[in-house]
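The values are calculated or read from the model by the stated rules, or taken from the named source; none is laboratory data. Given the structure is predicted, the values throughout are model-derived calculations rather than measurements. Positions of Cβ are generated from backbone atoms using ideal geometry, with glycine treated the same way; all protein chains shown enter the neighbour counts. Just so you know, the surface numbers come from the protein's heavy atoms only, side chains and all, with ligands and any DNA or RNA stripped out. Shrake-Rupley method; radii C 1.70, N 1.55, O 1.52, S 1.80 Å.
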Amino acid sequence: MIDEKKLVILTEGAKYDVSCSSSGSRRKNKYGEIGNACFAGICHSYTQDGRCISLLKMLMSNDCIYDCKYCINRATNDVARATATPDEICELVISFYRRNYIEGLFLSSAIVKSPNHTMEMLYLTAYKLRKNYHFNGYIHLKGIPGADSALIEAAGLIVDRMSFNIELPSETSLKLLAPQKNKTAIVSPMKTLALDKYYESPYKRRRDFLPAGQTTQMIIGASPESDAHILKLTEYMYSYYRLKRVYYSSYIPTNFETSLLPYSPAPKIREHRLYQADWLLRYYGFTADEITGKDGNLSLEYDPKCAWAIRHMELFPVEVNTAPLDMLLRVPGIGVRTASRILIARKHAKLDFDALKRLRVVLKRAMHFITCGGKFIGSKSEYDLSRLLAGGDGQNMTQLSMFEFDTALSALNGEL
Amino acid sequence: MTVFLIEKSIDGLYSALFYAFEQKTMPDAVFERGNICNNFTDKYIEIMTEKEKSRRVLTAIKKYGGKSAALYIEICLLSGDENALKIAFDFAYLTLSERRDVSGFLANRAVSIFYYTIKKVFNERHRFFGLIRFKETASGVLYAAYSPDNDITELLCPHFIKRLSCVPFIIHDVKRNKAGVSNGKEYKIMETENKAALNLSEDEKAWENLWKNYYKAVTIKERKNTRQQDNLMPRRYRKFLPETYE
Ligand code: SF4
């Protein structure tokens with residue numbers, strides 16, 4: 001059994017990685033073996049900071065030879081070091097899984113000795129878990145930039161998801177803050193994982209190569225890039241690296257000071273807005289260029305969909321009974337699920353405002369952008385609108401943003 | 001007000017529907033027999049369960065609403081909502097009187113309430129896919145106690161059988177005094193006491209302790225947001241979670 005102190009060190013080192021999602025894979029149970037994966041993902045607990053615990057998220061080791069400025073495990077930082085053996089990790093996963101504490105493992109690591117050595121040990125752990133411990137639950141393995149591509153591809157065949165973190169939104173910032181890492185080392189394995197051959201038969205049919213795809217993460221607010229820049233990069237990675245998700249992690253100062261980094265943590269609201277924008281890219285048919293305002297940043301006051309709608313009042317109001325899906329999706333107060341409910345319901349009956357309430361349209365916001373059977377009950381003055389939508393009516397800002405984007409919450413809790 | 005008093009089962013509900021059509025009487029409320037104290041202003045109609053009538057109603061529901069309508073009505077009966085019987089009744093009634101699948105009538109009041117009621121049941125089931133906590137007993141059987149809002153034990157068992165493949169387990173609803181008992185292949189629902197005497201395995205405490213430590217360590221203290229935690233993991237569930245009970 002793994003030592004308690006060791007587990008705490010290795011958890012502390014991994015917790016700033018945002019992703020904990022266990023979704024996207026339908027790995028089946030094999031008779032007599034343990035575990036399976038649920039496509040929608042399952043949250044097992046929630047921490048006091050409100051994040052979901054789905055996977056056992058830990059480092060194999062925090063004993064790093066690199067010295068990334070923003071990282072608590074960097075070589076020059078004075079922290080307790082620990083390394084766990086593959087068997088210690090496997091036994092822990094199985095014991096937690098049986099008790100239904102977790103949905104699987106998210107294993108990451110600092111660079112021990114060399115990138116290749118580290119990747120080998122990560123691979124060995126995943127391999128043992130599958131072959132010796134007969135585990136069919138979810139495994140997310142962090143990829144180590146600079147490791148052999150043969151190792152990386154082999155890992156892709158036994159785990160559900162892999163991620164190489166892009167770390168910072170630009171090459172300049174990467175050079176400055178993570179001097180031993182370089183863009184090519186991060187991006188080329190991402191390209192490998194996106195190779196066409198893995199998305200064609202026989203891999204595709206058997207779904208045995210990374211069934212839950214690859215993801216990445218970058219730190220927000222440690223470097224000066226604008227939201228527009230970040231969203232462009234996000235859009236690019238979705239289309240060229242076949243990413244399933246891009247995660248943003250607000251910069252949190254670790255226990256030291258350097259003039260290269262801001263003193264204070266990045267505001268959580270910015271991260272939240274980026275996630276909302278990311279949803280617009282993936283599910284609402286928006287492009288990055290449409291989402292950001294003139295100054296290249298997202299409005300902190302209102303959510304990006306509202307901000308866009310207010311800039312485009314000439315397109316509204318739309319008639320809910322006839323508007324096409326892509327237009328309904330652009331109405332503030334109507335989400336993906338609500339829109340699909342509207343499509344079903346209006347086949348059977350003409351919708352009035354009461355019906356919209358039953359369909360859980362957030363009328364308070366939507367009413368300014370829709371007509372219902374020709375009726376309009378919202379306000380057209382731009383002044384009124386921005387006041388209403390930004391919560392001038394007593395609602396506080398974060399509350400307001402939460403309820404339209406109830407789905408954005410899943411960004412934090414790993415449901416999708 | 002007309003109140004139907006029925007047996008809380010699918011046969012009880014369908015017998016009531018048969019009665020409503022036969023007698024051309026619509027109830028304003030439908031409750032479980034014995035669960036309500038009479039007053040003098042309401043009119044109570046007690047409806048006996050009759051298998052044959054129930055079977056005929058079921059056939060009609062399947063014919064008009066399809067198999068899924070019949071299934072959803074059963075799910076609705078698992079709901080902890082005090083009006084669950086009436087909600088299921090209204091949906092079934094609408095299916096029978098419209099003589100077609102009404103599940104898409106989301107703007108209709110009865111359908112919309114029905115839809116959100118079963119959605120709640122499914123949501124809670126999904127929640128407990130994650131929130132069930134097993135303890136390992138000395139005999140190797142895994143045991144979990146919980147107290148859900150809806151009667152979801154039989155919806156949870158198949159999930160855990162698939163997942164734990166061959167490991168026997170017990171999921172114990174201490175609120176309803178019932179348990180899903182699985183031998184690793186199949187499960188049965190049994191009546192129980194509301195307490196179980198457990199003989200835990202040697203390592204159980206140690207693993208539980210590691211889990212608690214993990215839980216503490218993974219929290220980012222700079223980002224406390226207990227309001228969000230409360231929304232996502234309501235306090236009433238927590239006394240069954242080792243990481244949150246003290
Ligand atoms: S490589 Fe950089 S970010 Fe990763 S653990 Fe080492 S110092 Fe931290």
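Taking the protein heavy atoms of the protein assembly as shown in the context of the full set of protein chains, the accessible area attributed to carbon and sulfur is 52 percent at 1.4 Å.
Any chance you could check region A:44-93 for residues losing 40 Å² or more of accessible area when the partner protein chains are in, compared with the chain on its own (1.4 Å probe)? Listed in order, they are A:H44, A:S45, A:Y46, A:T47, A:Q48, A:D49, A:G50, A:I53.
Note that region A:172-256 presents 45 Å² accessible area per residue, ligands and nucleic acids not counted, probe 1.4 Å.
Just tell me how shielded A:95-107 is by partners: mean number of partner chain Cβ atoms within 10 Å of each residue's Cβ, no decimals.
On the way: counts 8, 4, 2, 8, 12, 13, 13, 3, 3, 0, 0, 0, 0.
Counting Cβ atoms of other protein chains within 10 Å of each residue's Cβ and averaging gives 5.
Per residue, how big is the convex hull around the C-alpha atoms of region B:132-240? Give it to me in cubic angstrom, could you? Could the numbers behind the result be given before it?
Numbers: hull volume 12.7 nm³, N = 109.
Dividing the Cα hull volume of region B:132-240 by its residue count gives 117 Å³.
With the highest mean first, a sort of the peptides B:41-51, A:360-370 on other beta-carbon atoms found within 10 angstrom per residue produces A:360-370, B:41-51. Distances between every pair of Cα atoms in region B:2-123, grouped in 5 Å steps from 0 to the bin holding the largest one, split as 2, 12, 23, 25, 21, 11, 4, 1, 0 percent. Looking at the protein assembly as shown, the pairs of alpha carbons with a distance over 39 Å make up 40% of the total.
For the peptides A:259-266, A:297-304, the ranking by mean Cβ contacts within 10 Å, running from highest to lowest, is A:297-304, A:259-266. Considering only beta bridges that DSSP places wholly inside chain A, some 15 percent are antiparallel.
Which of the residue pairs B:K51/B:K188; A:K69/A:K131; A:K364/B:K216 have a Cα-Cα distance greater than 28 Å in the structure shown? Before the final figure, lay out the partial values.
Working: B:K51/B:K188 23 Å; A:K69/A:K131 38 Å; A:K364/B:K216 39 Å.
Result: A:K69/A:K131; A:K364/B:K216 exceed 28 Å.
Interface burial in region A:313-347, defined as at least 40 Å² less accessible area with all protein chains than with the chain alone at a 1.4 Å probe, covers A:R341.
Peptide A:6-14 shows a mean partner chain C-beta count of 3 within 10 Å per residue C-beta. Approximating the spin labels as points 7 Å out from Cα along Cα→Cβ, the B:R238-to-A:L315 distance works out to 4.3 nm.
GNM on chain A, alpha-carbon springs under 10 angstrom: the most fluctuating residue among A:D49, A:D354, A:D17 is A:D49.
For chain B, modelled as a Gaussian network with Cα springs under 10 Å, which listed residue fluctuates most, B:N194, B:N213, B:N177? Highest fluctuation among the options: B:N213. The radius of gyration of the Cα set in region A:4-291, together with its Dmax, comes out at 18.2, 57 angstrom.
Take the Cβ-Cβ distance between A:K6 and A:N116 as r, set R0 to 30 Å, and report the resulting FRET efficiency rounded to the nearest 0.05. With R0 = 30 Å, the Cβ-Cβ based efficiency is 0.80.
Going down the table (A:K15/A:K197; A:K113/A:K142; A:K30/A:K244; B:K24/B:K62; A:K28/B:K119), which pairs top 24 Å between alpha carbons?
On the way: A:K15/A:K197 34 Å; A:K113/A:K142 17 Å; A:K30/A:K244 26 Å; B:K24/B:K62 22 Å; A:K28/B:K119 26 Å.
From the list (A:K15/A:K197; A:K113/A:K142; A:K30/A:K244; B:K24/B:K62; A:K28/B:K119), the Cα-Cα distance tops 24 Å for A:K15/A:K197; A:K30/A:K244; A:K28/B:K119.
Could you compute the FRET efficiency for B:M26 and A:R387, with r as their C-beta to C-beta distance and R0 at 35 Å, rounded to 0.05?
Details: r = 47 Å, r/R0 = 1.35.
For R0 = 35 Å, the calculated efficiency reads 0.15.
Here the Gaussian network model covers chain B, with springs between Cα atoms less than 10 Å apart; of B:E32, B:E124, B:E204, B:E204 fluctuates the most.
Give the Kirkwood hydrodynamic radius (Å, one decimal) of chain B, defined as one over the mean of 1/r across all pairs of different Cα atoms. Evaluated over chain B, this radius sits at 20.5 Å.
Checking an interface number: how much accessible area is buried between B and A, summed over both chains, with a 1.4 Å probe, in Å² rounded to 100? Show your work: numbers first, answer last.
Values: alone 15070 and 19030 Å², together 28680 Å².
Summing both chains' loss of accessible area gives about 5400 Å².
Shielding by partners for B:229-236, please: the mean number of other protein chain Cβ atoms within 10 Å of each residue's Cβ. List each step's numbers first, then the result.
On the way: counts 8, 2, 4, 9, 9, 0, 0, 0.
Across the residues of B:229-236, the mean count of other-chain Cβ atoms within 10 Å is 4.
Can you give the relative contact order of chain A as a percent, counting alpha carbon pairs under 8 Å and 6+ residues apart? Write out the running numbers ahead of the final one.
Details: 724 pairs, mean separation 58.6, N = 416.
The value is 14 percent.
Can you list the aspartates and glutamates whose alpha carbon sits under 16 Å from that of A:K232, skipping same-chain ones fewer than 8 residues off? Within reach: A:E167, A:E171, A:E271, A:D278, A:D289, A:E290, A:D295. For helix B:51-77, what angle does its Cα long axis make with the longest principal axis of chain B, in degrees from 0 to 90 and rounded to 10? Once rounded, the angle reads 40 degrees.
A straight Cα-to-Cα reach below 15 Å connects B:K53 with the aspartates and glutamates B:E7, B:D11, B:E22, residues fewer than 8 places away in its own chain not being considered.
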